[in-house]
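Worksheet: the structure to be examined is printed underneath.
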Amino acid sequence: MAKKLQKSYLAKLSLYVGCCLLGFCLTILSNPLFFPDGFAQALMPKQTNNNQVLIAQNQIPSPARISNSTRLECNQTLQGRLSLSDHRFQGRNFLKYVFNGQKDQLIRVSLVGGSPNQRPSNTLQVNPLLLNPVLILYAPNGQMVDQQPKQENLIDAVIRTKLPTTGTYNLLVTSATPGTVGRFSLTYQQLKTDGTSTSSCPA
């Protein structure tokens, strides 16, 4: 009699443990991180719609409201720092750069931030712009030409475009994450029609 009770108890215990293990396995496997596609998707930067931007227009100050600016020369790379003392609007800090452009000129502007373990030590100084750097380009008439990037969680922002008119362009540097500041590298290039950088720049 005791042996039958013991066998019955062990059978029920085994069934209970088996059900618990099955439920645990189903819970784990239902997590998309355990599937290759889901894992890759989880690691990819969040993609916005092509018509969307990371920062809405009403959260960006007019370039005219930012009094201080730095002039960008053709094929020049500048080391900069976005700080809490820079122009502040809607919780973000902004720096303004200006450059002269010619109608139909193809240009490329790149903003590089990142953390020290993501960039070689000789590329950026300490305290880099850690997350979501954003570039916003304005035409001479005050209209926004482009805002990049269209993805979140990147350490680069690149604008590559053909200038719509001749005049002085304004370029704003900020972060999609309010309150984020730090050092960065900014490069402005004028390009040939084949996409390569020009060796000499028009005045």
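The values are calculated or read from the model by the stated rules, or taken from the named source; none is laboratory data. A quick note: this is a predicted structure, and the numbers were derived from the prediction, not measured. Cβ atoms come from the backbone with ideal geometry, glycine included; neighbour counts cover every protein chain shown.
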Original post:
Looking at the range 172-182, is at least one residue in a strand (DSSP E or B), among the polar types (S, T, N, Q) and at pLDDT 95 or above?
Top reply: no
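From the list PRO120, PRO140, exactly one residue is outside any strand (DSSP E or B), at pLDDT 95 or above and assigned by TED's automatic domain parsing to the domain that holds SER69. Which is it?
So the residue among PRO120, PRO140 that is outside any strand (DSSP E or B), at pLDDT 95 or above and assigned by TED's automatic domain parsing to the domain that holds SER69 is PRO140.
I'd like to know if the range 66-74 contains one or more residues that are loosely packed, with under 10 Cβ neighbours inside 10 Å and modelled with pLDDT under 95.
Scanning the range 66-74 turns up at least one residue that is loosely packed, with under 10 Cβ neighbours inside 10 Å and modelled with pLDDT under 95.
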